[in-house]
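Readers should treat all values here as calculations from the given coordinates under stated rules, not as data from a laboratory. Model, not experiment: these values are computed from the prediction. Positions of Cβ are generated from backbone atoms using ideal geometry, with glycine treated the same way; all protein chains shown enter the neighbour counts.
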Amino acid sequence: MTAGALPSCRQAPPSQVLSLERPQALFDGHGDIGPVKRPGSVREDAAGGGLVIEGAGANMWFAADEGHFLWKRMRGDFIVTARVEFVGEGAEAHRKIGWMVRSAMDPGSPHASAVVHGDGLTSLQFRRTAGTETEEAKLAVSGADQIQLERRGPTYVMSAARFGEPYGERVSVAGIALGDEVLVGLFVCSHNSDVVEKARFSNVRVTVPAPPDLVPYRDYLGGAIELLDVDTGRRTTVFRSDRPIQAPNWTRDGRFLLYNVDGRIDRLELATGKVATLDTGFAAANNNDHVLSFDGKRLGISHHSAGDKDESVVYVLPAAGGTPRRVTAKAPSYLHGWSPDGRSLVFTGGRDGNYDVYRIPAEGGDEVRLTDTPGLDDGPEYTPDGRFIYFNSARTGDMRIWRMDPDGGGQEPVMSDGFHDWFPHVSPDGRRIVFLSFERDVAADDHPFYKQVYLRLMPVDGSSRPKVVAYVYGGQGTINVPSWSPDGKRLAFVSNSR
């Protein structure tokens with residue numbers, strides 16, 4: 001559901017998917033800091049989709065630093081994230097890799113750095129003024145390989161985790177006066193002037209977050225469509241736009257992604273990167289709740305109808321485009337799923353001030369209310385075998401993943417572990433679900449834009465703990481709709497940045 005309008009199948013082989021993933025292009029330059037004996041280097045890792053940085057340097061500590069630094073000039077606030085790992089056994093326990101923000105390349109310049117050491121120590125290191133001693137705030141996690149550093153004015157916040165786990169303890173330091181324009185980037189220090197160490201950085205993301213005065217559903221950030229390999233966690237960017245793109249669906253032949261933008265539905269061809277607007281007739285105020293039928297022949301959309309006080313109404317049209325046919329008589333109605341046989345739709349309906357899950361024939365007819373407890377119920381989706389409908393519900397006070405029988409019986413929670421979880425999407429083989437997780441600082445019944453969120457994966461029965469498969473700046477529009485690839489190996493989602 002969204003609160004406002006915005007504008008057996010063969011999978012396309014990976015070689016036919018266009019990639020915009022050039023991580024080194026995110027940066028402006030690289031070079032050695034300090035009088036290193038052996039120069040460093042940077043190269044792109046074609047096989048892993050990341051960067052390999054080599055660096056020497058006696059240390060990054062005390063009053064001066066040495067190492068190799070890949071940097072970008074930035075102003076204002078930002079969030080930088082990456083998955084990091086040393087390559088090789090290494091010579092020193094305190095070799096260091098991570099993110100660094102510096103005022104200059106001078107070895108004694110002030111800085112704030114999110115650091116992973118060779119022995120697993122994870123810490124936020126900082127030098128407040130030029131030429132002074134380095135200070136340190138240690139994190140409890142050891143051996144972290146998912147690192148984030150955030151600038152909020154003069155305050156720097158570090159988050160870290162072992163990939164697959166949510167960020168745990170966060171540490172911050174205030175009053176680091178590096179100036180408005182800074183050098184932001186990745187570094188390697190061998191902690192031994194005679195040794196060159198190597199590290200790999202993947203899923204490198206540089207995000208400029210929403211300004212604090214942004215007005216939701218009036219002001220928007222641009223976005224990127226990313227493809228996620230769910231088993232490896234590797235992310236590949238295939239499309240970027242300064243427009244508010246949202247909610248990609250994967251077509252059944254694996255060739256295209258459908259997504260919402262400015263009230264329209266656009267279609268991205270993965271092999272070429274070409275974009276075309278789908279013909280949806282009069283429906284030009286579509287929100288991000290659009291779903292393809294299991295056979296891929298029909299598309300359900302949620303269009304804000306002027307005749308219904310600009311509230312969302314469910315329509316169906318051919319997947320190749322055409323004139324939409326109205327399905328729901330009442331509004332607001334937000335589509336979320338088709339039954340596997342194509343005969344029924346499930347949607348979130350706002351009726352008499354309460355939002356519940358409803359079922360309706362795809363050809364139109366009487367709607368059937370499936371949930372009736374107080375609190376928001378949303379995001380319903382059938383399993384591929386039609387045995388269950390998964391949905392998210394705030395009936396317990398937090399937003400949890402639930403499931404029920406197709407007739408609304410047997411409603412039961414699948415899991416809850418301290419986050420607010422939204423939009424469960426079932427894999428094509430019916431074994432796994434992926435969903436969007438918000439931190440607890442977000443209200444249980446809200447799924448706002450432009451937050452730090454997780455995509456998490458778990459078995460459909462909740463028999464094991466969810467695993468984080470992507471650390472994302474997004475939220476509303478990231479993964480509102482079913483977005484598994486037909487072979488169940490990848491997911492499409494949207495991340496955001498100014």
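Across segment 167-251, the convex hull enclosing all Cα atoms gives 232 Å³ per residue.
Go through Gly108, Thr251, Leu183 and say which Cα lies farthest out towards the positive end of the charge dipole of the chain; charges sit on Cβ, +1 for Lys and Arg, -1 for Asp and Glu. The listed residue farthest towards the positive side: Thr251.
Using the per-residue mean of other Cβ atoms lying within 10 Å as a proxy for protection, in what order, highest first, do the peptides 40-52, 255-267 fall?
In decreasing order of mean packing, 40-52, 255-267 become 255-267, 40-52.
Rounded to two decimals, the Cα radius of gyration of segment 150-210 over 2.2 N^0.38 Å is 1.41. Within segment 256-385, all pairs of alpha-carbon atoms sorted by distance into 10 Å bins from zero give the percentages 13, 45, 32, 8, 1.
Rounded to whole Å, the principal axis extents of the Cα atoms in segment 258-315 read 40, 25, 17, largest first.
In whole angstrom, how far apart do the alpha carbon centroids of segment 80-141 and segment 302-349 sit? When both Cα centres are located, 52 Å separates them. Scaled to the globular estimate 2.2 N^0.38 Å, the Cα spread of segment 46-149, given as radius of gyration, is 1.05.
Within 10 Å of each residue's Cβ, count the other Cβ atoms and sort His94, His30 from fewest upward.
Working: His94 17, His30 20.
If I rank by nearby Cβ atoms, fewest first, I get His94, His30.
Segment 23-207: D in µm²/s via Stokes-Einstein (Kirkwood Rh, Cα pairs, 20 °C, 1.002 mPa s)?
On the way: Rh = 15.8 Å.
My calculation gives 136 µm²/s for D.
Here is the P(r) of the chain: all C-alpha pair distances, binned every 10 Å from 0, give 4, 20, 28, 22, 14, 8, 3, 0 in whole percents. Normalising by residue count, segment 363-498 has a Cα convex hull of 127 Å³ per residue.
If you model segment 362-405 as an ellipsoid using its alpha carbon gyration tensor, with each semi-axis the square root of five times an eigenvalue, the axes come out at 20, 15, 8 Å, biggest first.
Per 0.36 nm of contour for each residue apart, how much would the distance between Ala177 and Ser41 grow if the chain were fully extended, relative to their Cα-Cα spacing?
On the way: separation 136, 0.36 × 136 = 48.96 nm, distance 2.90 nm.
Taking Ala177 through Ser41 to full extension adds about 46.1 nm, to one decimal.
In terms of the mean number of neighbouring beta-carbon atoms within 10 Å, the peptides 175-183, 396-404 order highest first as 396-404, 175-183. Peptides 350-361, 442-453, 326-337, 273-284 ordered by packing proxy, namely the average of other Cβ atoms within 10 Å per residue, highest first: 326-337, 442-453, 350-361, 273-284. Cross-link partners of Lys330 among lysines, defined as those whose alpha carbon lies under 19 angstrom from its own and excluding same-chain residues fewer than eight positions apart: Lys309.
In terms of the ratio Rg/(2.2 N^0.38 Å) built on C-alpha atoms, what value belongs to segment 360-441? Walk me through the numbers before you get to the answer.
On the way: Rg = 13.0 Å, N = 82, 2.2 N^0.38 = 11.7 Å.
Normalised Cα radius of gyration, segment 360-441: 1.11.
Pairs Lys96/Lys467; Lys72/Lys274; Lys37/Lys96; Lys198/Lys467: which are spaced more than 21 Å apart, C-alpha to C-alpha? Write down the numbers at each step before the final one.
Details: Lys96/Lys467 27 Å; Lys72/Lys274 29 Å; Lys37/Lys96 17 Å; Lys198/Lys467 28 Å.
From the list (Lys96/Lys467; Lys72/Lys274; Lys37/Lys96; Lys198/Lys467), the Cα-Cα distance tops 21 Å for Lys96/Lys467; Lys72/Lys274; Lys198/Lys467.
Under conditions of 37 °C and 0.692 mPa s, segment 209-497 yields 176 µm² s⁻¹ as its translational diffusion coefficient, taking Rh as the Kirkwood radius over Cα pairs in the Stokes-Einstein equation. Summary value for segment 209-497: 16 percent relative contact order, contacts being C-alpha pairs under 8 angstrom separated by 6+ residues.
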